[in-house]
Amino acid sequence: MIAVTGATGNIGRMLVGMLAGAGEEVVAVSRGDGTGGPAGDGVRWVRGGVGDAGSLRPALDGARAIFLVLGGELNFRGERPGAVVEAVADAGVGRIVLVSSQVSATRPEAPSHARLRAFEAAVRESGREFTVLRPAGFASNALAWSESVRTRRTVYAPFGGVALPVVDPADIAAVAAAALLEDGHVGRTYELTGPEPISPRGQAEVLAAALGEEVAFVELSREEAHAGMARFMPEQVVAGTLDVLGAPLPAERRPGPGVEAVLRRPAAPFAAWAERNLAAFA
């Protein structure tokens, strides 16, 4: 049995389906009740999250492996990362696959990613088998534009010409499935990116081509973007995110080898993600 946290999220939803499709029993953990999430034989839903070690315990009984992703709990301050990992170890779970971030490595002092770095350290010191995934920015972040594209055929974003190798969450899920099911990934850390850098303006052009209609691009200032993001993100995360988007380091601009190394195929381009999610923008 495998426990999957964040089971209704961009990665977890697909991962649950992949594991169930491989014949695994899956405990799907989410802060909601799983409505709309993957269902079927072998999938059981448990309400809980990484921000509360106690809520995970019902999901851990009998599990041999767990997928940990912080998601919306990235900035939860009430639970030590070590407490979550200790709960996993106490339950006898033998393998942990953790979603961290590329930024944990490229900007080791960034306050925005301190909690992810603490989780990485706790997992590495747990005595469990582990694999750490460090994805770049998600292609699915473009869903923030869905309403403006649907209603005004316009993308509003900062740093329109800055290109980064955004990664398809489906590729992250596929790598996670391999790390959970196979033995060749224990102790490894994988940097996961898309196959090539693409700018926000380039993403708008891809969406336009997929829709068969013109999509305008309006570049926001850093201040305008900051004001919008601050409505739902803590200040240090807003600042850290804008630093990466606006002034990426060379390592953040380069496509990484992780997806192809694990899956034996190239990483999916942004266009593939856009085609699969076109209904959100139509």
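One residue alone among 95, 153, 128 is of a type in the set (Lys, Arg), under 22 Å from residue 30 (Cβ atoms) and touching a residue at least 12 places away in the same chain (Cβ under 8 Å), and that residue is 95. Is there a residue being in contact (Cβ under 8 Å) with a residue 40 or more places away in the chain, surrounded by fewer than 17 Cβ atoms within 10 Å (Cβ to Cβ) and over 27 Å from residue 13 (Cβ atoms) anywhere in the range 178-186? Looking through the range 178-186, none of the residues is in contact (Cβ under 8 Å) with a residue 40 or more places away in the chain, surrounded by fewer than 17 Cβ atoms within 10 Å (Cβ to Cβ) and over 27 Å from residue 13 (Cβ atoms).
So that you can scan it fast, the table gives a plain yes or no per residue for (1) within 30 Å of residue 92 (Cβ to Cβ); (2) open to solvent by 30 Å² or more (accessible area, probe 1.4 Å):
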| residue | (1), (2) |
| --- | --- |
| 111 | no, yes |
| 119 | yes, no |
| 125 | yes, yes |
| 128 | yes, yes |
| 139 | no, no |
| 142 | no, no |
| 148 | no, no |
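Just one of the listed residues (219, 191, 235, 214) is within 16 Å of residue 259 (Cα to Cα) and of a type in the set (D, E, K, R), and it is 191. Among the residues making up the range 150-162, those that are surrounded by 15 or more Cβ atoms within 10 Å (Cβ to Cβ) and within 19 Å of residue 244 (Cα to Cα) are 156, 157, 158, 159, 160, 162.
The helices (runs of 4 or more DSSP H) found entirely in the range 187-254 that carry 1 or more residues being among the β-branched types (Val, Ile, Thr) and crowded, with 17+ Cβ neighbours inside 10 Å are 200-211, 235-246. Checked against the criterion of being over 17 Å from residue 5 (Cα atoms) and at pLDDT 90 or above, the candidates 95, 128 yield just one match: 128.
For the range 1-24, filtered to residues that are small (Gly, Ala, Ser) and assigned to a helix (DSSP H, G or I), the residue that is least open to solvent (accessible area, probe 1.4 Å) is 12.
I need the full set of residues from the range 255-270 which are surrounded by fewer than 19 Cβ atoms within 10 Å (Cβ to Cβ) and either modelled with pLDDT of 95 or more or part of a helix (DSSP H, G or I) (or both), in order please. Scanning the range 255-270 gives 260, 261, 263, 264, 265, 266, 269. Just to be sure before I move on: is residue 105 under 19 Å from the mean Cα position of the chain (by Cα), under 23 Å from residue 178 (Cβ atoms) and open to solvent by less than 40 Å² (accessible area, probe 1.4 Å) in the structure I sent? No, not satisfied.
The values are calculated or read from the model by the stated rules, or taken from the named source; none is laboratory data. This one's a predicted model, so the numbers in the text were calculated from it and none came from an experiment. Cβ: placed from backbone, ideal geometry, glycine included. Neighbour counts: every protein chain shown. Please note that ligands, DNA and RNA were not included when accessible areas were found on the heavy atoms of the full protein model with its side chains. Shrake-Rupley method; radii C 1.70, N 1.55, O 1.52, S 1.80 Å.
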